[in-house]
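The values are calculated or read from the model by the stated rules, or taken from the named source; none is laboratory data. What you see is a predicted model, and the numbers here were worked out from it, not measured in a lab. Neighbour counts run over all protein chains shown; Cβ positions are idealised from the backbone, glycine included.
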Amino acid sequence: MKYLSINEASKLWGITPRRIQQLCKSGEIPGAMKQGRAWQIPDNAEVNSKTRGTARKGLLPLPIGVSSYVEAVENYYYVDKTLLIRDFIDALTKVSLFTRPRRFGKTLNMDMLRVFFEKADADTSVYFRDKAIWSCGEYYRAFQGRYPVIYLSFKDVKFSAWTDARKDMENCLRTEFARHAELETSTKCNAVERDYYKKMLDGSIGEVDLLRALAVLSAMLHKHYQIETVIIIDEYDTPIQQGYANGYYKDVVGFIRNLFSGAFKDNASLAYGFLTGILRVAKESVFSGMNNLKVNSIMDDRYSAYFGFIRAEVAELLSYYGKGEKLDEVCEWYDGYRFGHQDIFNPWSVVNYVDDNCYPKAFWQATGSNEIIGDILSAASPEVTENLRRLMQGEQLATYIDTDVIYPDLKRNTSSIYSFLLVAGYLKNSEIVPQNDGNFMCKVSIPNKEISFVYAKEVISRIGGSAAESTAASIQQAIFEKDVRRLKQHIEDYLVQTISVYDKASEAFYQGLMIGLCAILNNRYSVKSNRESGDGRFDVQLKPLGSGLPGFVFELKWTKEIGEDLDKLAQSALEQIRDRRYTAEMQAEGITEIISVGLAFCGKNVASTSDYAEN
């Protein structure tokens, strides 16, 4: 077989040599192998067509799933967040905790801090010289490459048993000890410390001694380099969340509390500490007695622009890829979050949207575990369930937000679900009123179209379980096949499976059920409720997002009178659609096939009737 050099492959494929080297390292070029320091590439090898197409246009690929700062700035389109470093140096807080939803850039930012602060054999300033932080002046540049760094990530500590979780956290610590191999023979460290180091590497460390790992490692680095240590722990609360979901919450909280105490509390070898997570997991749970901790939550203005994209960054990204006209659609789907007073876009979803040829989807919904939300909703009061349905219909809810919420609180006080949903990214705050206890009264709502789909799935899972989800799928199929008779039957089946005799029945209750069912149609329909069209306000509208699909308008009627003629009530609902021209909006947009459906409910009984409107 003949082989190409990286430069030869670069000319052949129209991809930069640096990018080809990265593809070789990641195994994305079949048959590529390294001989000495040079890569040899089979002359018949091919690369991903999307990568080649992007490169031939002279565009950088998008950093989907890239959490390495060096890799991101060398090989991908990078949204510059380095001014986070400037703002931190201005504050010089001893220990900083950043709480943000998943997939909002926490890991990439923590790796950026590691690369910036860490002493290294190579000159790592090259990764910042063209970034915003470098133009801030010599004072800030003096911090670059100055400190030894301990870096841990607990984001993959996801186990159903405490023994496995504890073992994996021990492995994370052992890997970080091994990364500092210079300490094994350091003459600046004493024999006891070097013995501890060896026990960590060979796995013979005891349970009690293991809890001193961060304290010992930071002290050894301090002695070896004659300067204090920076400690960075990413996604510190992932094992805590797993512990709550799997019954070992007290064990994992106790372990992490003791581990962190040695690292961050009265540690003379600590320069600065950084942690990220979704929840604060209040001081009495993990950060007991730590007077040097500054929590930076989604309610705070400081650092608000550095996790997620701001509007100007999204506009620049879209322009770079020739998709500037898509800004309004991106706003509708992925904007709407508010961190402090800053409007924020979901970065994970924005880059996936552009990478997927600007086809809007709920990209965020498959990026994490929702067991806790399902667990809480299973015990939610009727009032909480009704409020969640109201939120799904586009309403705002005024509620108390406790930023110190801990996992057990979610089960003891189900109203704290709103606090969890807000910090986890399922809600946004549109108005904040600080309270004297340090918490907030907020008006919350669903931030955007993407989250409305995720939200609806969670509610459906709560109110019906797997059987109801199966029926919901049949309802979707009936909608696509325009089979109103089957639609009626499946809705009735769904009601039998999901509605309790104790549920609070009302027209709004049934409307919430319908919106939830329709919302899981995902990216095929735009779901709206209580909007003006024609001469009134329809209950539910399904506007197709692609060709070949019919539009739907649903009008709902409800009665609590057993024995009332539901067929007549459904007919009156259908006549209301006609009389008030609820199909006018879709007709004006050129939708040629629209199915109007009148539905009447009483308890678990439903009647329906329908007709077509065609341009």
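Which one is modelled with the highest pLDDT, of the residues in the range 473-525 that are within 19 Å of LYS604 (Cα to Cα) and assigned to a loop (DSSP other than H, G, I, E, B)?
Filtering the range 473-525 for residues that are within 19 Å of LYS604 (Cα to Cα) and assigned to a loop (DSSP other than H, G, I, E, B), the one modelled with the highest pLDDT comes out as SER506.
Name the single residue, out of those in the range 280-304 being touching a residue at least 60 places away in the same chain (Cβ under 8 Å) and within 20 Å of the chain's Cα centre (by Cα), that is surrounded by the most Cβ atoms within 10 Å (Cβ to Cβ).
Within the range 280-304, the match that is surrounded by the most Cβ atoms within 10 Å (Cβ to Cβ) is ILE298.
In the range 225-266, how many residues are of a type outside the set (Gly, Ala, Ser) and farther than 16 Å from LEU173 by Cβ?
18
Looking at (1) under 19 Å from the mean Cα position of the chain (by Cα); (2) touching a residue at least 60 places away in the same chain (Cβ under 8 Å); (3) buried (at least 17 other Cβ atoms within 10 Å of the Cβ), can you tell me which one LYS361 breaks?
(3)
Kindly indicate the residue of the range 320-351 that is at pLDDT 95 or above and under 14 Å from TYR77 (Cα atoms) and also nearest to the chain's Cα centre (by Cα) among those meeting that condition.
The qualifying residue nearest to the chain's Cα centre (by Cα) is TRP348.
Looking at this structure, is CYS331 surrounded by fewer than 20 Cβ atoms within 10 Å (Cβ to Cβ) and on the phi > 0 side of the Ramachandran plot?
So CYS331 does not fit the description; no.
For the range 219-246, which residues satisfy the criterion of being among the charged types (D, E, K, R) and farther than 19 Å from ARG103 by Cβ?
LYS223, GLU228
Is it the case that ASP156 is farther than 24 Å from ILE205 by Cβ and either modelled with pLDDT under 95 or not assigned by TED's automatic domain parsing to the domain that holds GLU74 (or both)?
The answer is no for ASP156.
Just for the range 246-281: of the residues that are assigned to a loop (DSSP other than H, G, I, E, B) and of a type in the set (D, E, K, R), which one is modelled with the lowest pLDDT?
Residue satisfying both the conditions and the ranking: ARG280.
Out of (1) assigned to a strand (DSSP E or B); (2) of a type in the set (A, V, I, L, M); (3) modelled with pLDDT of 95 or more, the odd one out for ALA312 is which?
(1)
Report yes if VAL95 is buried (at least 21 other Cβ atoms within 10 Å of the Cβ) and touching a Lys or Arg at 6+ places or on another chain (Cβ under 8 Å), otherwise no.
Taking the combined requirement at face value, the residue satisfies it.
State which residue is modelled with the highest pLDDT when the search covers only the range 377-398 and only residues that are surrounded by 20 or more Cβ atoms within 10 Å (Cβ to Cβ) and of a type in the set (A, V, I, L, M, F, W, C).
LEU391
Search the range 568-615 for residues being aliphatic (A, V, I, L, M) and over 21 Å from PHE509 (Cα atoms), and hand back the single one that is surrounded by the most Cβ atoms within 10 Å (Cβ to Cβ).
Ranking the qualifying residues of the range 568-615, first place goes to ILE594.
Looking at the range 248-261, can you tell me whether even one residue there is in contact (Cβ under 8 Å) with a residue 60 or more places away in the chain, under 24 Å from the mean Cα position of the chain (by Cα), within 27 Å of LYS81 (Cα to Cα) and not assigned by TED's automatic domain parsing to the domain that holds TYR418?
no
What is the residue count in the range 209-245 for residues that are more than 23 Å from LYS119 (Cβ to Cβ) and not assigned by TED's automatic domain parsing to the domain that holds ILE89?
4
Any idea how many residues of the range 175-196 are over 13 Å from ILE150 (Cβ atoms) and either in the same structural domain as ASP156 (by TED's automatic domain parsing) or of a type outside the set (A, V, I, L, M) (or both)?
Final tally of qualifying residues: 12.
Can you find a residue that is modelled with pLDDT of 90 or more and among the basic types (Lys, Arg) anywhere in the range 54-77?
No, the range 54-77 has no match at all.
In the range 63-78, which residues are in contact with a Pro (Cβ under 9 Å, 6 or more places away or on another chain) and part of a loop (DSSP other than H, G, I, E, B)?
Correct list: TYR76, TYR77, TYR78.
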